[in-house]
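Here's the structure we're looking at; comments come further down.
The values are calculated or read from the model by the stated rules, or taken from the named source; none is laboratory data. Computed from a predicted structure; not experimentally measured. FYI the Cβ positions are ideal-geometry reconstructions off the backbone, even for glycines, and counts take in every protein chain you see. Just so you know, the surface numbers come from the protein's heavy atoms only, side chains and all, with ligands and any DNA or RNA stripped out. Shrake-Rupley method; radii C 1.70, N 1.55, O 1.52, S 1.80 Å.
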Amino acid sequence: MAYDHRKIEEDAQKKWEATKLYRAQEDKKKPKKYVLDMFPYPSGEGLHVGHPKGYIATDIYSRFSRMRGYSVLHPMGWDAFGLPAENFAIKHKVHPREAVKRNIANFKAQLAHIGFDYDWSREIQTTDPRYYHWTQWIFLKMLEHGLAFQSDEPINWCPSCKTGLANEDLDGTACERCGTPVEKKKLPQWVLKITDYADRMLADLDTLDWPEHIKEAQRNWIGRSEGAELGFPLVGRDEKIMVFTTRPDTLYGATYLVLAPEHPLVSTLTAEARNAKEVRTYVAAAAKKTEVERGAEGKEKTGVRLESIMAVNPATKEEVPIFVADYVLSSYGTGAIMAVPAHDERDFDFAQKFNLPMRQVIQSGEDCYTGSGRLIHSGAFTGQDNETAKLAITESVGGRKVVRYKLHDWVFSRQRYWGEPIPVIHCAQCGVVPVPYEDLPVTLPEVDHYEPTGTGESPLAAIDSWVHTTCPKCGGAGKRETNTMPQWAGSSWYYLRFMDPENDHELVSSAAEKYWAPVDVYVGGDHAVRHLIYARFWHKFLYDIGVVSTSEPFARLEFLGFILAEDGRKMSKRFGNVINPDEVVAAYGADAFRTYEMFMGPFENTVAWSTDSIAGTARFIERVWNMQEKVIDEAHAALEPLLHKTIKKVSSDIEAFKFNTAVSQMMIFLNAVEKESAIGKRQMKIFLQLLAPFAPHVTEALWERIEAEGSIHLSKWPTYDESLIATQTVTLAVQINGKRRGEVRLAPDASKDDALAAARAIPAINNALSAGAPTRVIYVPGRILNIVV
RNA sequence: GGGCGAGUGGCGGAAUUGGUAUACGCGCAUGGCUUAGGACCAUGUUCCGAAAGGAUUGAGGGUUCGAGUCCCUCCUCGCCCACCA
């Protein structure tokens, strides 16, 4: 019978559906595996062939785990709040809720063709009030614990998206979504104190089974640095300029100070400077430039001196000049630095340009030396090692040791419609009053216009009937907060909701949480920094308040490489190079599609799609189908060693996410079966089981055809016998002086003398041996015989 | 500039972690089957060479009986961060 993938897929999917095969169940008698994909954003463009790659991997892993006797949770849901959904809705003139509904239906239909084992009874979406009830609940808990606060510090504002953004939402200094350079804007904002968790997030990275480069990206983003805050008194004023430095050991070499143009002291000092006008011009020019523009001018430093104003180096007591320069960032440290041109390259460049004095304080032969060494010209500290003197120098001038982070607190307000309302009420009498827990969720009201206003207020502010409410505390007039939460809110805890999706009384029941937590394997690409930092932060907070029992949400992380278009570019509508999985599945079948994506290369590699190559896996699946003609009743002994080797390799490869080599091992086995023209029924069953996670449909159909019981996907994963992998004879390479000269076949446990004797049959070896006794003979049984002459 | 990672056939890639380099697949070539095939089957396919043989894992050096794998120097590419004091 010819292979008809359409019919086979349809039948198998119907069978799974009818028997509710993939329902996740808390079964105390079984160990559990929680396997999770980073859930998708249901965009209007639908899936391209790159999207399912990670889903196929988790599908294989979860099917494999189920067959190995685990109780499996493999759910799917939708991250549907946020700008893309809202922009799509605005563009197509539909309500975002409708747009999301439509997009999700489209995504689900596309996924259905591929044959995943998701437990759809647990499907969730972040835009469901039953879900965002608990997103709001977490916010209120943070407020209660002092981790959410209001601030009117200037924030990043995207003039095109018309909303404030967190640092994490920037690509350099442009909005990562639309590329528009961001501006600084003063707006009252809700901010989450993520920095309180910086040290723990850093330390706990060591406990995680994550790829090293992801951990490193997290470390870079948190950007912890230890240093000192030192005060430089201003001459003739009762005030100090505080600087942050990681090199207090070079204090004796600090010959001038530099303030960022945005530093709070700049305006008052400017007024007193002899060249006030010049300084104002510089500051105004710097304000106009974005940080990208400042950086784009390369290492060419600009700046202006605050003439007639001096500060005192607290160590040398010398007076030092003060500059304003935009190479100093206002957002890091104190916004002011002490400049040590002899031991810092940026200060060196600046000092050269402005002809400023340099003083060496660490012994070296270089003009600008940034390494360690022995201190010189450093008063009482001269002669000491610079590293050990750091603390003493800091304390000698009344400074203190401080830790600074690049990570900033999380700007949490968005001036957009399509997000979770922030559940607080502003009351003239009582100030900020949280919405009582029993009044959650605060649902998103209907509006006429959900386009952003650009005024700094969200479209919600225009709905009087919604905004005006009573204060829960005093009963007087109150106004609702009209900002919404950022897109990352809903995705920061969804993995907990999957454990207990119908529970409307609590975030997650402790029974469900204790059974399923943590996520055993989390799979995704992108979002390596933002999503993972936010989710870890929320999780640690929930751990602290006793909601979850583990200190980290994702025990193991597998990072996936993307699939590029055939032309090597990113797949995009813009380039017209998008390949739709629907078409691939229709042409080659879901099993061939799944197997191909896993066979393309190592899972973490980015590889270009190749329509030529998928034909290879399609052939493979069809040849598997044709194997049924070669099935005989009794086992075919010649296949046995290879079969056991294949069980071993496929099992360990799936566990390690090395799907490409698992597939090639099964191809090797198939080649052998075709060569032998026979396979025993029991052997066939085992082979089908190994292939089942990759090609669930064709294996299910063949499983039925060879009259095996039930569904192959609930059958017990085969085990292998190491002793059966060993073959009767092995091929041993024979070398002379490390050069291969031939090979012999002999028993794997043959003695050295036997091996040597066998090797004499090779003329080249015999010649070499008859010339004289070998100096040395290295024999590794089953591997190599190397004769040194 | 800093950090991380990688360089293996025409292409995607494999290599039991120091033991027959180029598995598996694509592509290509030759033949078969076919009215035809971009379907299927068989054989071959790292390079040079008719062959014998030789060379070969970015380049060069080292350790070792033996190096794609370990060490040193250099080159190239990718990703992340980037005037972070």
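Look at A:Leu356 and say whether it is in a loop (DSSP other than H, G, I, E, B), of a type in the set (A, V, I, L, M) and at pLDDT below 90. Judged against the criteria, A:Leu356 is not a match.
Pairs linking a residue in region A:566-585 that is free of Cβ contacts under 8 Å to residues at least 24 places away in the same chain to a residue that is open to solvent by 100 Å² or more (accessible area, probe 1.4 Å), with Cβ atoms under 8 Å and 6 or more positions apart or on different chains, are A:Phe575/A:Arg569; A:Asn577/A:Glu566; A:Asn577/A:Arg569. When region A:467-483 is limited to residues that are in a strand (DSSP E or B) and over 21 Å from A:Leu187 (Cβ atoms), the one that is most open to solvent (accessible area, probe 1.4 Å) turns out to be A:His468. Put simply, of A:Thr727, A:Thr719 the only residue that is modelled with pLDDT of 80 or more and assigned to a loop (DSSP other than H, G, I, E, B) is A:Thr719. The condition (being farther than 16 Å from A:Glu558 by Cβ, among the small types (Gly, Ala, Ser) and without any contact (Cβ under 8 Å) to a residue 60 or more places away in the chain) is satisfied by just one residue among A:Ala89, A:Ala24, A:Ala105: A:Ala105.
The residues of region A:259-278 that are more than 44 Å from the chain's Cα centre (by Cα), surrounded by 13 or more Cβ atoms within 10 Å (Cβ to Cβ) and of a type in the set (A, V, I, L, M), listed by number, are A:Leu269, A:Ala273, A:Ala276. The residues on offer are A:Thr661, A:Thr719, and the sole one that is farther than 18 Å from A:Gln628 by Cα, of a type in the set (Ser, Thr, Tyr) and within 16 Å of RNA strand B (Cβ to nearest atom) is A:Thr661. Scoring A:Asn605 on the criteria (1) surrounded by 14 or more Cβ atoms within 10 Å (Cβ to Cβ); (2) in a loop (DSSP other than H, G, I, E, B) leaves a single failure, condition (1). For region A:528-542, the criterion of being surrounded by fewer than 14 Cβ atoms within 10 Å (Cβ to Cβ) and either outside any strand (DSSP E or B) or away from RNA strand B (no atom under 11 Å from the Cβ) (or both) is satisfied by no residue at all. Going residue by residue through region A:761-777, is there one that turns out to be modelled with pLDDT of 80 or more, under 29 Å from A:Ser651 (Cα atoms) and open to solvent by 40 Å² or more (accessible area, probe 1.4 Å)? No.
State yes or no: is A:Ser65 surrounded by fewer than 23 Cβ atoms within 10 Å (Cβ to Cβ), over 23 Å from A:Ala592 (Cβ atoms) and in contact with a Lys or Arg (Cβ under 6 Å, 6 or more places away or on another chain)? Here the answer is no, as A:Ser65 does not meet what is asked. If the condition is being open to solvent by 10 Å² or more (accessible area, probe 1.4 Å), touching a residue at least 60 places away in the same chain (Cβ under 8 Å) and more than 15 Å from A:Thr727 (Cα to Cα), then region A:623-647 contributes A:Asn626, A:Gln628, A:Val631.
Based on this model, can you work out whether A:Ala764 counts as part of a helix (DSSP H, G or I), out of contact with any His (no Cβ under 9 Å at 6 or more places or on another chain) and under 16 Å from A:Val730 (Cβ atoms)? No.
Set side by side, the residues A:Thr606, A:Thr595 differ, and just one is closer than 18 Å to A:His5 by Cβ and within 12 Å of RNA strand B (Cβ to nearest atom), which is A:Thr595. Please verify whether A:Phe620 is in contact with a Ser or Thr (Cβ under 8 Å, 6 or more places away or on another chain), closer than 16 Å to A:Tyr3 by Cβ, surrounded by 14 or more Cβ atoms within 10 Å (Cβ to Cβ) and of a type in the set (A, V, I, L, M, F, W, C), treating the condition exactly as stated. The answer is yes for A:Phe620.
Candidates are the residues of region A:323-340 that are in a strand (DSSP E or B) and within 15 Å of A:Leu230 (Cα to Cα); the one that is nearest to RNA strand B (Cβ to nearest atom) is A:Ile337. Return a yes/no flag: does region A:246-254 have any residue that is of a type outside the set (A, V, I, L, M), open to solvent by 20 Å² or more (accessible area, probe 1.4 Å), more than 8 Å from RNA strand B (Cβ to nearest atom) and farther than 21 Å from A:Tyr332 by Cα. Scanning region A:246-254, I find at least one residue that is of a type outside the set (A, V, I, L, M), open to solvent by 20 Å² or more (accessible area, probe 1.4 Å), more than 8 Å from RNA strand B (Cβ to nearest atom) and farther than 21 Å from A:Tyr332 by Cα, so the answer is yes. Within region A:609-638, being in a loop (DSSP other than H, G, I, E, B) and within 11 Å of RNA strand B (Cβ to nearest atom) holds for A:Trp609, A:Ser610. With respect to A:Phe659, is the statement that it is crowded, with 21+ Cβ neighbours inside 10 Å, within 29 Å of A:Glu566 (Cα to Cα), in contact (Cβ under 8 Å) with a residue 24 or more places away in the chain and of a type in the set (Phe, Trp, Tyr) true? When the stated conditions are applied, A:Phe659 passes them.
When A:Asp464, A:Asp409 are screened for being under 30 Å from A:Glu183 (Cβ atoms) and open to solvent by 70 Å² or more (accessible area, probe 1.4 Å), only A:Asp464 passes.
When every residue of region A:304-315 is checked against the conditions, none turns out to be open to solvent by less than 60 Å² (accessible area, probe 1.4 Å), within 11 Å of RNA strand B (Cβ to nearest atom) and not small (Gly, Ala, Ser).
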